[in-house]
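For reference, the structure is listed below as structure tokens.
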Amino acid sequence: MNRLTLFGAGIILILALVAIFAPFVAPYDPGAIDVEDALLRPQASHLFGTDLLGRDIFSRMVYASRIALSIGIIAVGIATLLGIMLGSIAGYFGGKIDSVIMRFTDIMLCFPSFFLMLSVVAIVGPSIFNIMIIIGLTSWMGVARLLRAEVLSLKTREFVLASRALGAGDFYIIVRHLIPNGIGPVLVSFVFGIAGAILTEAGLSFLGLGVQPPHPSWGNILMEGKAVMGVGWWVIVFPGIAILVTVLAFNLLGEGVRDALNPRLRRR
Amino acid sequence: MSLIEVQNLKVSFHDRKHVTNAVDGISFSVDKNEVVGLVGESGSGKTLTGYSILGITPKEANASGSIKFEGKEILGLSDKEMLNIRGRQISIVFQEPFTSLNPVFTVGYQVEEMIRIHKNISKKKARSEVLTLLDKVRIRDPHNVYYDYPHRLSGGERQRAMIAMAIALSPKLLIADEPTTALDVTIQSEILKLLSDLKKEMNLSVLFITHDFGIINEMADRVLVMKDGRIVERGDKNTVLTRPKHEYTKSLIDAVPKIGLSTKPITTTREIFLEIKNLNKTYRSERGIFRKEHSEINAVKDVSIRIEKGTTLGLVGESGCGKSTLGRLILGLDEADSGDVFIQGKLQKYYTRDIRKMLQIVFQDPYSSLDPKMRMGDIVLEGAGILGIASDSLLKDVLNKAQLDYGDRCKYPHQFSGGQRQRIAIARALAVNPQFIVLDEPVSSLDVLIQKDILDLLKALKRQMGLTYLFISHDLRVVELMSDEVCVMRGGEIVERGSTEKIYRHPENPYTKELLASIPSISA
Amino acid sequence: MLRYITKRILQLIPVLIGITIISFIVIHLAPGKPTDMASQLNPKVSQEAREQLEKIYGLDKPIYIQYISWIKKVATFDFGRSFVDGRPAIKKILERMPITVLINVLSIILIFFVAIPLGIKSAVRRGSVFDKTSTVFVFIMFAAPGFWLALLLMSFFGVKLGWVPVSGIASLDFENFSILGKILNVGHHLILPVLVASLGSLAGISRYMRQSMLNVIHQDYIRTAWAKGLGEKDILYKHALKNALLPIITIIGLSIPGLLSGSVIFETVFNIPGMGRLMVEAVFSRDYNVVMCGLVISALLTLLGNLIADVAYSYADPRIRYGR
């Protein structure tokens, strides 16, 4: 495995530990307001400084990592499951079923995701739970297309025909042959998808339409910090770096998984 | 002085630890006006040898030794120094006509480019030269083809365009790298004829790379036999063909099935195993929702056949003739538009598991016929598992029959060679104890020596287990070897049928005659 | 090719219908009637607004009749009036649209002229210092949240150095400028937004370009070009590039919805009066008619962008231009 992949995996592991053991890692209560300590610079007692309300930014970021990771994983999990189901059904059965599912996919792809998510938020209101569902329901299309393409090429492969000649049914073939062989790119897109979902959550929260205060999220810490960034650079710098490093780690891991699944055999 | 003189040529690949010598110190020469055949199986290093002469080996490859062209050393020249030699003095025709032309330029442009790289002439003049060339390689309608893009041409036409490009500057040496392997047999014979005519007309020297001794017999003056990067035998064509010295050469020549020798009596049992009546299948590719037109392909047109129990029916035809479709229809892997299939006298409307296990199939491509994510043992027992009869003793039994090692049962498909993979596919079919097997080009992607092993195995199994075969192939030589009766298919229809002896000795249909005449054979 | 384009346009009809259906579903996501929820959540939604919603969606009728009556209005671009100021929703969206489209078009141009040469150079000089540096740059840009970059650039170039304006699209005394002055003034204001809008896609697309170029270099027809005696430059920039660009056209087409999504964020950060910011404002004030209008129009813009990309592709690829 390549060094960058290990680096990405390492960061993710650390992040996961931080999120799981947040109460032990965070030195302060993330919601504890102390107006006297407002906008303290980074220092030994407040590693990343404090915000306008005197809350410890490091502690808030530690708790926010829980939200980022859980939204990332659950939202992408929903999207991936949906995508696998729709993609494999469309690819395997073909014909009318395929055209209906794929047309639906095309239509979903026409909506700029933020416009769609904002519209839904406008109606159902923002909450951590809603954000997970909304991101999940609006980002399955890539997986569906990917798996469909895989299934389309796999289903004409001769081992699938051989399996049918041996008496295998549709469900058996999809589960036993098609999904195991087509899952590689889906796995890659799962890892990249988490990175994307974390960015999306941060963006929504930054707009004030994602995770709502007082729950800390990297995005809403930035939103609150925007107003005071002229006086306290640390309020916006650290959460941004946290997002960047997390997303970078998932992207590096994704590249690593992809390379591991696709040994470049073709040469001139 | 020879036109080209190769001495102690080595081409090696270095990865982290090993050095592999793909070409391992070979020496040979090609004289003016001579056709030298370079024969070998895949992986023998024959193509790399050709590429080395042009200096177009992969970047990772290291070539050493000496290649002298008209007395001048050309091995190790930089790309820049080679520009004047490539295309102008030495040119090449590749194996894959479908991918060797650039899809985004017109055919005319690509041939013209060859001329304009090396000659400073006007566009208009170059264009008329291209038209002459296209005519010379017998492309009908050169004016249209000039403005066409490669995807609109057939494989044969593309290969002609490649040849036009290769001869555009009257090179001294033409390297033909399996130029007909990807083509149908009738097209192959036209291209071979074209090449030998051009050779005479233009006084070309040719290095002809092939795996097929039949082609060597038709094309070459001298032969080099290559194995594992070395030349194991060389000599005059007739000498090598009639009195091969090296064991490998002998086995290669022996493995080429001879044609028209079939004298075996027909084994009839009078018991019909399978009968199909008036089977039809049309494929439609729809052109969108709003246009009513579709392109229709009559894959199988009104085909009726019967196969007696314990015999082999050979089904022969060129690509796209519907022979594979027919095989799949019989197995119920595809649904016919109309027509009936009777198995042991019973009409089959839909295929129950009991019927399916009686009918099995072995495919051409041993790389795509095995699930890469499954272990060998699981693959072989897949059908038995579905029927609920999987057991270790069954596995041992069928592996034994297919001459596979029980100890390899936990390996994955990619750990096996092509021939072994085909044995796995056969074992998988045997595990459900079938009575009838469709063999869909089962040896077409295997090297000729391995072909022979697999064909022998299939014959032995048929005897032992009393199997009935439908043997589908484009290769008339192999079909003759295997079949009791033969059907010749063209455009979805059976154009001629009869005993193997009748078809091969006394063909009646003009297409059958053409097919037979096209085969490059040793026993001319 | 005309036939192909006509075909593509006809294929848009079911997609258009699909877009309206999904939008319609969105407004019905709320438990109960949209009007109930609207009035509960936002006291600003007056009796009058509620009646308007009832009128537009025909909420007392069966759902398919609601859809049909809604789509009839949508077909004439009647999305009802804004709850905030009573103006037609479509008017509000349309007056905000040009600036959003302008920024996105400028971003695509920037992407085209920076990402593609970057990708080609990386591919041609694979493993070089240039390739490695640009790869690192690309990975970081790809991972950085756009709004955060916007904040950083804004506080550095805008606030600290004072080189570029940080808010809006024109100066306060804009009306007094000459035409050239006006263009320069807007241009000056747009530098940061366009940069921020394109950075993410720019990184992604240069990566695709690099990969596409590397794939093409290994094709058989490139070997043919070598065998012809062509020089490396001709091989790379003529034979390889033309093929490598084809998938990039599609990718740029596919990146349009992402760019539009980005508008929501950077328009908010830079205080640009475009569609994206209007959308956010409308969501905050539960101005459903404007939200729905924005949703449908944004999908239409994407559709249009994809159509343009498709036509460009069909022009560039002879396999489509001349059929099979």
What FRET efficiency comes out for B:R463 versus B:L347 if R0 is 35 angstrom and r is the Cβ-Cβ distance? Round to the nearest 0.05. 0.70
Which of the chymotrypsin sites (Phe, Trp or Tyr not before Pro) across the range B:309-394 are loop residues per DSSP, with 11 or fewer other Cβ within 10 Å? B:Y350
Can you pull the mean other chain C-beta count within 10 Å for peptide C:293-306? 4
For the Cα atoms of chain C, what angle does the longest principal axis make with the long axis of helix C:256-269, in degrees from 0 to 90, nearest 10? 60 degrees
List of the range B:71-113 residues, accessible area with partners at least 20 Å² below that of the chain alone (1.4 Å probe): B:D79, B:L83, B:R86, B:F94, B:T99, B:S100, B:N102, B:P103, B:V104, B:F105, B:Y109, B:E113
Against the longest principal axis of chain B, how steep is helix B:418-430, in degrees 0 to 90 to the nearest 10, with axes from Cα atoms? 10 degrees
Calculate, in nm to one decimal, what C:V105 and C:I179 gain on full extension: separation in residues at 0.36 nm each, minus their alpha carbon distance. 24.5 nm
Work out, step by step, the length gained on full extension between B:I121 and B:S251: first 0.36 nm times the residue separation, then minus their alpha carbon distance; give nm to one decimal. 41.6 nm
Give B:K46/B:K123; B:K193/B:K277; B:K396/B:K452; B:K46/B:K172; B:K323/B:K459 a once-over and call out the pairs whose C-alpha atoms are over 30 Å from each other. B:K46/B:K123; B:K193/B:K277
DSSP beta bridge pairing in chain B, given as percent antiparallel to the nearest 5: 55 percent
Summing -39500 (n - 2.57) over the DSSP H runs of n ≥ 4 in chain A and dividing by its residue number, what mean residue ellipticity at 222 nm do you reach, to the nearest 500 deg cm²/dmol? -23500 deg cm²/dmol
Computed from the beta carbon distance with a Förster radius of 51 Å, FRET efficiency for B:R505 and B:C410 to the nearest 0.05 stands at 0.55
Full extension from C:I308 to C:L2: what is 0.36 nm times the residue separation minus their Cα-Cα distance, to one decimal in nm? 108.8 nm
Only helical DSSP H runs with n ≥ 4 go in: add -39500 (n - 2.57) per run for chain B, normalise by residue count and round the 222 nm mean residue ellipticity to 500 deg cm²/dmol. -10000 deg cm²/dmol
Along Cα→Cβ, 7 Å out, is where each label goes; now give me the distance between the ones at C:K61 and A:N130 in nm to one decimal. 2.9 nm
Peptides ranked, highest mean first, by Cβ atoms within 10 Å: ranges A:120-128, B:87-95, B:418-426: B:87-95, B:418-426, A:120-128
Per-residue accessible area, 1.4 Å probe, largest first, puts B:K124, B:K396 in the order B:K124, B:K396
Please work out how much accessible surface C:F130 shows to a 1.4 Å probe, ignoring ligands, DNA and RNA, in Å² rounded to 10. 70 Å²
Alpha carbon centroid spacing (whole Å) that separates the range B:90-116 from the range B:368-414: 46 Å
Percent antiparallel among DSSP beta bridges confined to the range B:154-244, nearest 5, equals 55 percent
Cβ neighbours within 10 Å from other chains - mean over C:133-146: 4
Ignoring ligands and nucleic acids, C:F177 exposes an accessible area, probe 1.4 Å, in Å² to the nearest 10, of 70 Å²
Per-pair calculated FRET efficiency, R0 = 60 Å: C:Y322 and C:E281 via Cβ, rounded to 0.05: 0.75
Using a basic spin-label model with each label point 7 Å from the Cα along Cα→Cβ, how many nm lie between B:L449 and B:E81? 3.8 nm
Which value, in Å², gives the accessible area per residue of the range C:107-206 when a 1.4 Å probe is used on the protein heavy atoms? 50 Å²
Can you tell me the relative contact order of chain C? Whole percent, Cα pairs under 8 Å, sequence separation 6 or more. 24 percent
MRE, 222 nm, helices only [DSSP H, n ≥ 4, -39500 (n - 2.57), over chain C, to nearest 500]: -24500 deg cm²/dmol
Measuring from label point to label point, each 7 Å out along Cα→Cβ, what is the B:S66 to B:N298 span in nm? 6.4 nm
Rounded to the nearest 100 Å², what is the sum over both chains of accessible area buried where A meets C, with a probe of 1.4 Å? 4400 Å²
Could you compute how much accessible surface B:S170 exposes when probed at 1.4 Å, giving the result in Å² to the nearest 10? 80 Å²
Show me you know the interface measure: the accessible area buried between C and B, both chains summed, probe 1.4 Å, in Å² to the nearest 100. 2800 Å²
Note the per residue figure in Å³ for the convex hull of the C-alpha positions in the range B:199-257. 87 Å³
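The values are calculated or read from the model by the stated rules, or taken from the named source; none is laboratory data. If you're wondering where the values come from, they're calculated on a predicted model, not measured in any experiment. For neighbour counting, all protein chains shown are included, and Cβ atoms are generated from backbone atoms with ideal geometry for every residue, glycine included. Note: areas computed on protein heavy atoms with side chains; ligands, DNA, RNA excluded. Shrake-Rupley method; radii C 1.70, N 1.55, O 1.52, S 1.80 Å.
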